[in-house]
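Participant: Encoded as structure tokens, here's the structure I'll be asking about.
All of the numbers you see were taken from the coordinates with simple rules; none came from a lab. Just so you know, these numbers come straight off a predicted model, no measurement behind them. Using ideal geometry, Cβ is built from the backbone for each residue, glycine included, and neighbour counts are taken over all protein chains shown.
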Amino acid sequence: MARLLARRAQLAAARGVSGLKRLLRHHALPPAPRRRCFGSGSKAEDRGQVTPLLKHLTFKIKSTGPITVAEYMREALTNPVEGYYMHHDMLGEKGDFITSPEISQIFGELIGIWYVSEWIATGKPKTLQLVELGPGRGTLTDDILRVFNQLGSLLSKCDISIHLVEVSPKLSEIQALTLTGENIQSELDIAAPVYMKGISKTGIPIFWYQQLQDVPQGTSFYLAHEFFDALPIHKFQRTEQGWREVLIDIDPKGPDQLRFVLAPSATPASEYFIQDQETRDHVEICPDAGIIIQRLTDRIQEDGGAALIADYGHNGNKTDTFRSFRNHKLHDVLIAPGTADLTADVDFSYLRTMTQGRVATLGPIKQQDFLKNMGIDVRLQVLLRNISDTAMREQLLQGYDMLMNPKKMGDRFNFFGLLPHQRLTHSDQKVSLQHSKSLSTPVAGFGELVWK
Ligand code: SAH
């Protein structure tokens, strides 16, 4: 493992990915969010950038009127031809942002241990499907698979398979390379439910899908890291006339400029999504996230398993978090769609509501607490003990600081878990868990890791 770390550190150093100079997508927003949202604030030269997707969207708006922020976000990110995620690698130095698994191998290793610990806690089922939503470069699953391999004797009787839900042909190609060690792009059939297949470097079958519904049912453990923040959100503004949806229209200042406007009257979305007891003046809702949570809930209720969701987010108290990143810098959300990342904080309270209490929810718990509970300090010491190279030790410590420091990712990132109720009701051990008064079994990460 130390050798692997060394290789990754060398690679990162070669790429200049020290992590610390890169802007992370979770960075706190400047104040006065509404001004940022409804104003433009962009440079003149940026405003002139007319991308094919901007052309497509202005054509659409001219034909059928202003579009919702959700439609804008969906088109900008996943339009099959011009969507941001579809045809380029946005992660790392040459991209637009960097994520925890790309910063330190320890992150993925601890998540791997979480899955093994939950697999043990649920009675070591004979099959284990690991399902990752939005796997990026495949680094996180690769680190998890290395842990599975090292715990081979424990998992030897278990039939393990990997199922990746990924819309991007480009990223699935990179995932295949990371996980199988070869390019299996030639087998790609983007129209089939399983659009690609491969075998991991350790001999585990891997399947790729466009959507969660295509993944076969069965005991599954789900993972979503920085996935939910990429799903399209609707935005609503409280006005004197009541709630109005924020829409995107062509700016009269120029044919190729966009601006935010408010729907002139209430829309079905504003009537349906806003709760009567809402106290905020501006609200973001992600119905796609709700649908995915309901699907995960159905599956966990029927087949067992668990889901681990990690992302930046809040508990139903933030307002305008919609933002864009390009080349590691904040970017105007309405400029050059298709060339920049669009993201919004995940509302964990909404995710919890969407489970309808049919599964137990754990968290959100801060990343620094989760990783501490998972034993990150011990893991760091073990790795440091095995490395003498000063630059690599420094790299390791910087990675740890980035993941754990409350001012970096430690506080802004959260872990959120979904588990069957029965997983939490048959134990005599006590652990304090947020939002789950009835829970009495330690679930690693949300309480201290206990190996039985
Ligand atoms: N989990 C990775 C990558 C995060 S970026 C990491 O932490 O490094 C978001 C990922 O979600 C990308 O792989 C992107 O292609 C994928 N994605 C975005 N929208 C998606 C959708 N609607 N369905 C499936 N995958 C999606």
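Participant: Sort all Cα-Cα distances of the stretch 88-247 into consecutive 5 angstrom bins from zero, then give the percent of pairs in each bin up to the one containing the longest distance.
Facilitator: 2, 8, 17, 20, 18, 14, 8, 5, 4, 3, 2, 1, 0
Participant: State, to one decimal in nm², a quarter of the convex hull surface area for the C-alpha atoms of the stretch 260-392, i.e. the direction-averaged projected area.
Facilitator: On the way: hull surface 52.1 nm².
Projected area, direction-averaged: 13.0 nm².
Participant: With viscosity set to 0.890 mPa s at 25 °C, what whole-number translational diffusion coefficient in µm²/s follows for the stretch 193-310 from Stokes-Einstein and a Kirkwood radius over Cα pairs? The partial results should precede the final answer.
Facilitator: Values: Rh = 17.8 Å.
In µm²/s, the coefficient rounds to 138.
Participant: Another question, then. Along each of its three principal axes, how wide is the spread of alpha-carbon positions in the stretch 59-117, in whole angstrom units, largest first?
Facilitator: So the extents along the principal axes, rounded to whole Å, are 53, 29, 16.
Participant: So what J values fall out for the stretch 96-109 if you push phi through Karplus, 6.51 cos²θ - 1.76 cosθ + 1.60 with θ = phi - 60°, rounded to Hz, Gly and Pro as x?
Facilitator: So the Karplus estimates, Gly and Pro as x, are 10, 7, 10, 10, 3, x, 7, 7, 8, 5, 4, 4, x, 5 Hz.
Participant: Using the 10 angstrom Cβ neighbour count as an exposure proxy, how do Met409, Met392 rank, fewest first? Walk me through the intermediate numbers first.
Facilitator: Working: Met409 25, Met392 20.
Ranked by crowding around the Cβ, least crowded first: Met392, Met409.
Participant: Still on this structure: Once amide H atoms are built 1.01 Å from N in the peptide plane, which residues 5 or more positions from His225, or in another chain, come under 5 Å H to H?
Facilitator: The answer is Leu133, Ala310.
Participant: Using the Karplus equation 6.51 cos²θ - 1.76 cosθ + 1.60 (θ = phi - 60°), what ³J(HN,Hα) coupling, rounded to whole Hz, does each residue of the stretch 250-263 give in order, writing x for Gly and Pro?
Facilitator: Rounded to whole hertz, the list is 7, 7, x, 5, x, x, 10, 10, 10, 8, 7, 9, 9, 4.
Participant: In whole Hz, with x marking every Gly and Pro, tabulate ³J(HN,Hα) for the stretch 344-349 from phi via Karplus 6.51 cos²θ - 1.76 cosθ + 1.60, θ = phi - 60°.
Facilitator: Per residue, the Karplus-derived 3J(HN,Hα) values read 9, 4, 7, 8, 5, 5 Hz.
Participant: Once the mean 1/r over all distinct Cα pairs of the stretch 308-363 is inverted, what Kirkwood radius in angstroms do you read off?
Facilitator: On the way: mean 1/r = 0.0760 Å⁻¹.
Averaging 1/r across every pair of different Cα atoms and inverting gives 13.1 Å.
Participant: Quick one: Thr361, Thr297, Thr425, fewest Cβ neighbours within 10 Å first, how do they rank? Display every interim value, and only then the final one.
Facilitator: Numbers: Thr361 26, Thr297 21, Thr425 12.
Neighbour counts put them in this order, fewest first: Thr425, Thr297, Thr361.
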